[in-house]
Amino acid sequence: MGDQQATELYHQLQQEWSRTNRDDAHISSLLSQLKVQLATLGLLFPTNSEELDSTALSTARDILEIGAIHSLRTSDVPAFERYLSLLQSYYQDSSLTSKLSSSPSSQRDSITALNLLRLLSQNRIAEFHTVLETLEKSVIESKPVEWVLQLERSLMEGSYSKVWSLCRGGGGNSSQSQSSLPLAEFSYFTSTLLSTVRSEIAACDEKAYETLPLVDAKTLLFFENEEQVKEFAKSRNWYLSPTDNLLHFPSSPLHPSHLPKPTNGVPQSMATGGTPAGTSGEEEEEIGAELDRNKVVSATLLYAKELESIV
(Lines give C-alpha, C1' and ligand atoms only; values in the text may rest on other atoms or scores of the structure.)
Protein backbone atom coordinates (compact mmCIF):
# COMPACT_ATOMS: atom_id res chain seq x y z
CA MET A 1 0.00 0.00 0.00
CA GLY A 2 3.00 2.27 0.01
CA ASP A 3 3.17 2.46 3.81
CA GLN A 4 4.73 -0.20 6.05
CA GLN A 5 2.29 0.26 8.94
CA ALA A 6 -0.74 0.20 6.65
CA THR A 7 0.54 -2.94 4.93
CA GLU A 8 1.07 -4.70 8.25
CA LEU A 9 -2.41 -3.74 9.47
CA TYR A 10 -3.93 -5.01 6.22
CA HIS A 11 -2.20 -8.38 6.56
CA GLN A 12 -3.52 -8.67 10.12
CA LEU A 13 -7.02 -7.86 8.88
CA GLN A 14 -6.83 -10.52 6.18
CA GLN A 15 -5.66 -13.14 8.65
CA GLU A 16 -8.39 -12.33 11.17
CA TRP A 17 -11.07 -12.11 8.48
CA SER A 18 -10.20 -15.55 7.09
CA ARG A 19 -10.53 -17.24 10.49
CA THR A 20 -13.61 -19.34 11.23
CA ASN A 21 -13.98 -17.89 14.73
CA ARG A 22 -13.37 -14.23 14.03
CA ASP A 23 -12.70 -11.72 16.76
CA ASP A 24 -15.19 -8.97 15.85
CA ALA A 25 -13.69 -6.49 18.30
CA HIS A 26 -10.21 -7.00 16.83
CA ILE A 27 -11.54 -6.59 13.28
CA SER A 28 -13.31 -3.37 14.25
CA SER A 29 -10.10 -2.04 15.80
CA LEU A 30 -8.06 -2.93 12.69
CA LEU A 31 -10.62 -1.29 10.41
CA SER A 32 -10.58 1.92 12.45
CA GLN A 33 -6.78 2.10 12.23
CA LEU A 34 -6.77 1.30 8.53
CA LYS A 35 -9.29 4.04 7.75
CA VAL A 36 -6.92 6.54 9.31
CA GLN A 37 -4.09 5.14 7.18
CA LEU A 38 -6.23 5.29 4.04
CA ALA A 39 -7.13 8.90 4.72
CA THR A 40 -3.43 9.75 5.19
CA LEU A 41 -2.53 8.04 1.90
CA GLY A 42 -5.35 9.72 0.00
CA LEU A 43 -7.18 6.42 -0.56
CA LEU A 44 -10.25 7.00 1.58
CA PHE A 45 -11.53 9.70 -0.76
CA PRO A 46 -9.40 9.14 -3.90
CA THR A 47 -9.63 12.30 -5.98
CA ASN A 48 -6.30 12.28 -7.81
CA SER A 49 -6.33 8.78 -9.26
CA GLU A 50 -3.45 9.41 -11.67
CA GLU A 51 -1.02 9.57 -8.78
CA LEU A 52 -2.37 6.44 -7.09
CA ASP A 53 -1.07 2.94 -7.70
CA SER A 54 -3.63 0.37 -8.91
CA THR A 55 -2.46 -2.12 -6.27
CA ALA A 56 -3.01 0.43 -3.51
CA LEU A 57 -6.46 1.23 -4.89
CA SER A 58 -7.37 -2.45 -5.02
CA THR A 59 -6.22 -2.95 -1.43
CA ALA A 60 -8.15 0.08 -0.21
CA ARG A 61 -11.30 -1.17 -1.95
CA ASP A 62 -10.83 -4.58 -0.35
CA ILE A 63 -10.55 -3.00 3.12
CA LEU A 64 -13.72 -0.96 2.64
CA GLU A 65 -15.63 -4.02 1.38
CA ILE A 66 -14.56 -6.03 4.41
CA GLY A 67 -15.69 -3.10 6.56
CA ALA A 68 -19.11 -3.02 4.88
CA ILE A 69 -19.77 -6.73 5.37
CA HIS A 70 -18.35 -6.68 8.90
CA SER A 71 -20.74 -3.84 9.77
CA LEU A 72 -23.73 -6.02 8.90
CA ARG A 73 -22.35 -9.01 10.78
CA THR A 74 -22.12 -6.81 13.85
CA SER A 75 -25.62 -5.34 13.20
CA ASP A 76 -24.25 -1.83 12.61
CA VAL A 77 -26.34 -0.61 9.66
CA PRO A 78 -25.22 3.07 9.93
CA ALA A 79 -21.59 1.92 9.59
CA PHE A 80 -22.60 -0.18 6.57
CA GLU A 81 -24.09 2.93 4.97
CA ARG A 82 -20.89 4.91 5.61
CA TYR A 83 -18.77 2.22 3.97
CA LEU A 84 -21.18 2.19 1.03
CA SER A 85 -20.66 5.91 0.47
CA LEU A 86 -16.89 5.41 0.52
CA LEU A 87 -17.12 2.56 -1.98
CA GLN A 88 -19.11 4.53 -4.54
CA SER A 89 -15.94 6.14 -5.93
CA TYR A 90 -14.38 2.71 -6.43
CA TYR A 91 -17.52 1.39 -8.13
CA GLN A 92 -18.63 4.36 -10.24
CA ASP A 93 -15.69 6.74 -10.83
CA SER A 94 -14.55 5.93 -14.37
CA SER A 95 -10.97 7.06 -13.68
CA LEU A 96 -10.76 4.56 -10.81
CA THR A 97 -12.65 1.70 -12.45
CA SER A 98 -10.35 1.88 -15.49
CA LYS A 99 -7.31 1.51 -13.24
CA LEU A 100 -8.96 -1.35 -11.37
CA SER A 101 -10.12 -3.19 -14.50
CA SER A 102 -7.30 -5.72 -14.16
CA SER A 103 -8.38 -6.61 -10.61
CA PRO A 104 -12.21 -6.57 -10.49
CA SER A 105 -13.94 -6.79 -7.14
CA SER A 106 -15.33 -10.14 -6.08
CA GLN A 107 -17.64 -8.46 -3.54
CA ARG A 108 -19.22 -5.71 -5.62
CA ASP A 109 -22.28 -7.72 -6.69
CA SER A 110 -22.95 -8.85 -3.12
CA ILE A 111 -22.54 -5.39 -1.60
CA THR A 112 -24.68 -3.82 -4.32
CA ALA A 113 -27.42 -6.38 -3.67
CA LEU A 114 -27.21 -5.67 0.07
CA ASN A 115 -27.56 -1.96 -0.61
CA LEU A 116 -30.65 -2.53 -2.79
CA LEU A 117 -32.18 -4.80 -0.15
CA ARG A 118 -31.47 -2.16 2.52
CA LEU A 119 -33.39 0.46 0.51
CA LEU A 120 -36.23 -1.99 -0.11
CA SER A 121 -36.52 -2.90 3.59
CA GLN A 122 -36.63 0.82 4.46
CA ASN A 123 -39.38 1.38 1.85
CA ARG A 124 -37.16 3.81 -0.08
CA ILE A 125 -38.46 2.67 -3.45
CA ALA A 126 -37.49 5.78 -5.42
CA GLU A 127 -33.87 5.52 -4.25
CA PHE A 128 -33.95 1.80 -5.01
CA HIS A 129 -34.75 2.46 -8.67
CA THR A 130 -32.30 5.36 -8.86
CA VAL A 131 -29.47 3.08 -7.76
CA LEU A 132 -30.69 0.38 -10.14
CA GLU A 133 -30.44 2.79 -13.09
CA THR A 134 -26.73 3.35 -12.41
CA LEU A 135 -25.77 -0.34 -12.42
CA GLU A 136 -24.03 -2.14 -15.22
CA LYS A 137 -25.80 -5.01 -16.95
CA SER A 138 -23.36 -7.58 -15.55
CA VAL A 139 -24.15 -6.43 -12.00
CA ILE A 140 -27.92 -6.47 -12.58
CA GLU A 141 -27.72 -10.00 -13.94
CA SER A 142 -25.67 -11.30 -11.01
CA LYS A 143 -27.38 -13.84 -8.76
CA PRO A 144 -27.60 -11.66 -5.60
CA VAL A 145 -29.02 -8.64 -7.44
CA GLU A 146 -31.43 -10.82 -9.46
CA TRP A 147 -32.78 -12.21 -6.18
CA VAL A 148 -33.42 -8.72 -4.80
CA LEU A 149 -35.15 -7.68 -8.05
CA GLN A 150 -37.39 -10.74 -7.86
CA LEU A 151 -38.25 -9.78 -4.30
CA GLU A 152 -39.04 -6.20 -5.34
CA ARG A 153 -41.32 -7.39 -8.16
CA SER A 154 -43.23 -9.63 -5.76
CA LEU A 155 -43.68 -6.73 -3.35
CA MET A 156 -44.98 -4.42 -6.07
CA GLU A 157 -47.43 -7.12 -7.21
CA GLY A 158 -48.64 -7.64 -3.66
CA SER A 159 -47.58 -11.30 -3.75
CA TYR A 160 -46.78 -11.39 -0.06
CA SER A 161 -46.68 -15.19 0.09
CA LYS A 162 -43.96 -15.11 -2.60
CA VAL A 163 -42.09 -12.44 -0.61
CA TRP A 164 -42.33 -14.57 2.51
CA SER A 165 -41.12 -17.65 0.66
CA LEU A 166 -38.13 -15.79 -0.82
CA CYS A 167 -37.11 -14.22 2.49
CA ARG A 168 -37.44 -17.49 4.33
CA GLY A 169 -35.35 -19.20 1.65
CA GLY A 170 -37.90 -21.97 1.42
CA GLY A 171 -36.63 -23.37 4.73
CA GLY A 172 -38.60 -24.31 7.80
CA ASN A 173 -36.45 -22.85 10.56
CA SER A 174 -34.32 -19.72 10.76
CA SER A 175 -30.94 -21.44 10.36
CA GLN A 176 -32.09 -23.29 7.25
CA SER A 177 -33.64 -20.11 5.89
CA GLN A 178 -30.45 -18.09 6.28
CA SER A 179 -28.37 -20.80 4.62
CA SER A 180 -30.84 -20.91 1.69
CA LEU A 181 -30.54 -17.20 0.99
CA PRO A 182 -28.13 -16.14 -1.79
CA LEU A 183 -26.15 -14.29 0.89
CA ALA A 184 -26.25 -14.99 4.61
CA GLU A 185 -26.04 -11.20 5.21
CA PHE A 186 -29.45 -10.79 3.53
CA SER A 187 -31.02 -11.97 6.79
CA TYR A 188 -30.10 -8.64 8.44
CA PHE A 189 -32.58 -6.87 6.14
CA THR A 190 -35.14 -9.59 5.34
CA SER A 191 -36.26 -9.68 8.98
CA THR A 192 -37.17 -5.99 8.76
CA LEU A 193 -38.84 -6.54 5.40
CA LEU A 194 -40.92 -9.43 6.73
CA SER A 195 -42.10 -7.28 9.63
CA THR A 196 -43.17 -4.61 7.15
CA VAL A 197 -45.01 -7.17 5.03
CA ARG A 198 -46.79 -8.56 8.09
CA SER A 199 -47.89 -5.04 9.08
CA GLU A 200 -49.19 -4.40 5.55
CA ILE A 201 -51.22 -7.63 5.62
CA ALA A 202 -52.57 -6.75 9.07
CA ALA A 203 -53.61 -3.29 7.87
CA CYS A 204 -55.49 -4.86 4.93
CA ASP A 205 -57.20 -7.34 7.25
CA GLU A 206 -58.35 -4.51 9.50
CA LYS A 207 -59.93 -2.75 6.52
CA ALA A 208 -61.51 -5.86 5.03
CA TYR A 209 -62.89 -7.57 8.14
CA GLU A 210 -64.29 -6.79 11.54
CA THR A 211 -63.30 -10.17 13.01
CA LEU A 212 -60.99 -13.01 12.08
CA PRO A 213 -60.50 -16.48 13.63
CA LEU A 214 -57.20 -16.82 15.43
CA VAL A 215 -56.18 -19.85 13.36
CA ASP A 216 -56.81 -17.94 10.10
CA ALA A 217 -54.78 -14.97 11.34
CA LYS A 218 -51.91 -17.35 12.05
CA THR A 219 -51.93 -18.47 8.40
CA LEU A 220 -52.47 -15.03 6.87
CA LEU A 221 -49.72 -13.41 8.92
CA PHE A 222 -47.22 -16.26 8.48
CA PHE A 223 -46.86 -16.98 12.18
CA GLU A 224 -45.55 -20.33 13.39
CA ASN A 225 -47.87 -20.61 16.41
CA GLU A 226 -50.91 -18.93 17.94
CA GLU A 227 -48.96 -17.41 20.82
CA GLN A 228 -47.07 -15.25 18.31
CA VAL A 229 -50.41 -14.12 16.87
CA LYS A 230 -51.63 -13.13 20.33
CA GLU A 231 -48.52 -11.02 20.96
CA PHE A 232 -48.91 -9.35 17.58
CA ALA A 233 -52.62 -8.74 18.25
CA LYS A 234 -51.77 -6.89 21.46
CA SER A 235 -49.38 -4.61 19.61
CA ARG A 236 -52.17 -3.62 17.17
CA ASN A 237 -54.93 -3.27 19.78
CA TRP A 238 -56.90 -6.31 18.60
CA TYR A 239 -59.26 -7.98 21.07
CA LEU A 240 -59.26 -11.78 21.36
CA SER A 241 -62.56 -13.24 22.49
CA PRO A 242 -61.76 -16.01 25.00
CA THR A 243 -64.95 -17.95 24.24
CA ASP A 244 -64.47 -18.56 20.50
CA ASN A 245 -60.85 -17.51 19.77
CA LEU A 246 -62.12 -14.78 17.48
CA LEU A 247 -60.00 -11.67 16.92
CA HIS A 248 -61.96 -8.40 16.94
CA PHE A 249 -60.38 -5.54 15.03
CA PRO A 250 -60.92 -1.93 16.18
CA SER A 251 -63.75 -1.62 13.62
CA SER A 252 -65.70 -4.46 15.27
CA PRO A 253 -68.74 -3.36 17.31
CA LEU A 254 -67.65 -5.83 19.99
CA HIS A 255 -64.20 -4.34 20.34
CA PRO A 256 -63.77 -2.94 23.87
CA SER A 257 -63.17 0.53 22.48
CA HIS A 258 -66.82 0.61 21.29
CA LEU A 259 -68.34 -0.73 24.46
CA PRO A 260 -69.63 1.41 27.34
CA LYS A 261 -67.23 1.91 30.19
CA PRO A 262 -67.40 -1.03 32.63
CA THR A 263 -68.89 -0.57 36.06
CA ASN A 264 -67.42 -3.76 37.57
CA GLY A 265 -64.30 -4.20 35.48
CA VAL A 266 -66.01 -6.18 32.66
CA PRO A 267 -67.37 -4.40 29.55
CA GLN A 268 -71.12 -4.77 29.23
CA SER A 269 -72.52 -7.06 26.50
CA MET A 270 -69.10 -8.68 25.93
CA ALA A 271 -70.27 -11.90 27.50
CA THR A 272 -73.52 -12.05 25.55
CA GLY A 273 -71.97 -10.97 22.28
CA GLY A 274 -74.83 -8.55 21.66
CA THR A 275 -74.72 -5.06 20.23
CA PRO A 276 -73.12 -2.61 22.68
CA ALA A 277 -75.65 -0.76 24.74
CA GLY A 278 -75.55 2.96 25.21
CA THR A 279 -74.49 3.85 21.67
CA SER A 280 -75.23 7.49 21.09
CA GLY A 281 -77.09 8.81 18.07
CA GLU A 282 -73.92 10.44 16.84
CA GLU A 283 -72.02 7.12 17.02
CA GLU A 284 -74.85 5.32 15.19
CA GLU A 285 -74.73 7.94 12.47
CA GLU A 286 -70.95 7.50 12.17
CA ILE A 287 -71.31 3.70 11.89
CA GLY A 288 -74.11 4.09 9.35
CA ALA A 289 -71.95 6.37 7.24
CA GLU A 290 -69.30 3.67 6.86
CA LEU A 291 -68.76 2.52 3.29
CA ASP A 292 -70.57 -0.60 2.14
CA ARG A 293 -67.78 -3.18 1.97
CA ASN A 294 -69.55 -5.31 -0.63
CA LYS A 295 -69.86 -2.36 -2.99
CA VAL A 296 -66.22 -1.40 -2.48
CA VAL A 297 -65.03 -4.95 -3.17
CA SER A 298 -67.24 -5.25 -6.27
CA ALA A 299 -65.99 -1.95 -7.65
CA THR A 300 -62.38 -2.90 -6.97
CA LEU A 301 -62.75 -6.26 -8.72
CA LEU A 302 -64.38 -4.59 -11.73
CA TYR A 303 -61.56 -2.06 -11.89
CA ALA A 304 -58.94 -4.82 -11.69
CA LYS A 305 -60.67 -6.76 -14.47
CA GLU A 306 -60.76 -3.72 -16.76
CA LEU A 307 -57.12 -2.91 -15.96
CA GLU A 308 -56.08 -6.48 -16.79
CA SER A 309 -57.86 -6.31 -20.16
CA ILE A 310 -56.04 -3.06 -20.96
CA VAL A 311 -52.65 -4.50 -20.04
Expressed to two decimals, the range 6-117 has a Cα Rg over Rh, using the Kirkwood radius, of 0.94
Let me have the relative contact order for the range 51-112, percent, based on Cα pairs under 8 Å that are six or more residues apart. 37
Cα extents of the range 145-255 along the three principal axes, largest first (Å): 47, 27, 18
Can you give the FRET efficiency for residue 159 and residue 215, using 1/(1 + (r/R0)^6), R0 = 25 Å, r = Cβ-Cβ distance, to the nearest 0.05? 0.65
Out of 43, 144, 32 - ranked by how far each Cα lies towards the positive end of the dipole of the range 1-156, with unit charges on the beta-carbon of charged residues - the top one is 144
Projected label distance in nm at residue 73 and residue 146, using a 7 Å step from Cα toward the beta-carbon: 2.7
Of 35/137; 162/230; 234/305; 143/230; 99/143; 143/305, pairs whose Cα-Cα distance is over 29 Å: 35/137; 234/305; 143/230; 143/305
Roughly how many whole Å is it from the C-alpha centroid of the range 36-52 to that of the range 177-235? 46
Can you sort 44, 302 by 1.4 Å-probe accessible area, starting with the largest? 302, 44
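The values are calculated or read from the model by the stated rules, or taken from the named source; none is laboratory data. This is a predicted model, so every value here is computed, not measured. No Cβ is skipped: glycine too gets one built from the backbone with ideal geometry, and neighbour counts run over all protein chains shown. These accessible areas exclude ligands, DNA and RNA; they are computed on the full protein's heavy atoms, side chains included. Shrake-Rupley method; radii C 1.70, N 1.55, O 1.52, S 1.80 Å.
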